[in-house]
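A.B. asks: Okay, handing you the structure first.
Each value in this text was obtained by applying a stated rule to the coordinates, not by laboratory testing. Predicted model, so just to flag it, every value in this text is computed and none were measured. Counting neighbours? That spans all protein chains shown, and the Cβs are built from the backbone with ideal geometry, glycine included.
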């Protein structure tokens, strides 16, 4: 069996036993991921790097809730690079990694 990429301990801690809250946060994440991905790709294509940075920052907050700290670090890197319009050729890799890891995370969350 694959190692799970999500860790719900932080979410469970802030939920204080409220399963409805946990379900709601999971559903929100599942709906947000395609929007984050779509927006990041759109801003990359149009060269709107500050908007891309802002989107990466917002997405980072969402993945932290699910214990995806490695991905959060990558999103922070993307945010800082995009704010400075630095190494723009690397942005697609960051976005692809975000999309792939989130797809995996969503599969895990849906199977809970």
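A.B. asks: Quickly work out the residue 31-to-residue 86 label distance, labels modelled 7 Å from Cα along the C-beta direction, and quote it in nm with one decimal.
C.D. replies: Here the modelled spin labels are 3.7 nm apart.
A.B. asks: Let me ask you something else. So what's the back-of-envelope 222 nm ellipticity for the chain, counting only DSSP H runs of four-plus at -39500 (n - 2.57) apiece and dividing by all residues, rounded to 500?
C.D. replies: -26000 deg cm²/dmol
A.B. asks: Output the 0 to 90 degree angle, nearest 10, between the alpha-carbon long axis of helix 69-83 and the longest principal axis computed from the alpha carbons of the chain.
C.D. replies: Once rounded, one gets 30 degrees.
A.B. asks: Right, another one. Using only Cα atoms, tell me the angle between helix 19-46 and the longest principal axis of the chain; keep it within 0 to 90° and round to the nearest 10.
C.D. replies: Taking Cα atoms only, the helix is inclined about 10 degrees.
A.B. asks: Using 0.36 nm per residue, how much length does the chain from residue 50 to residue 16 gain when fully extended, once their Cα-Cα distance is taken away?
C.D. replies: Residue separation times 0.36 nm, minus the Cα-Cα distance, leaves 8.6 nm.
A.B. asks: In nm, to one decimal, how far is the modelled label at residue 93 from the one at residue 76, with both set 7 Å along Cα→Cβ?
C.D. replies: 2.0 nm
A.B. asks: For the chain, find the longest principal axis of its Cα atoms and tell me its angle to the long axis of helix 91-110, 0 to 90°, nearest 10.
C.D. replies: 10 degrees
A.B. asks: Two decimals, Cα atoms only, Kirkwood Rh: what is Rg/Rh over the chain?
C.D. replies: Rg/Rh for the chain comes to 1.00.
A.B. asks: Want the number for residue 24 to residue 64: 0.36 nm per residue separation, take away the alpha-carbon distance, what's left?
C.D. replies: 12.8 nm
A.B. asks: Something else about it: Below 8 Å between Cα atoms, with a sequence gap of 6+, how large is the relative contact order for the chain in percent?
C.D. replies: 33 percent
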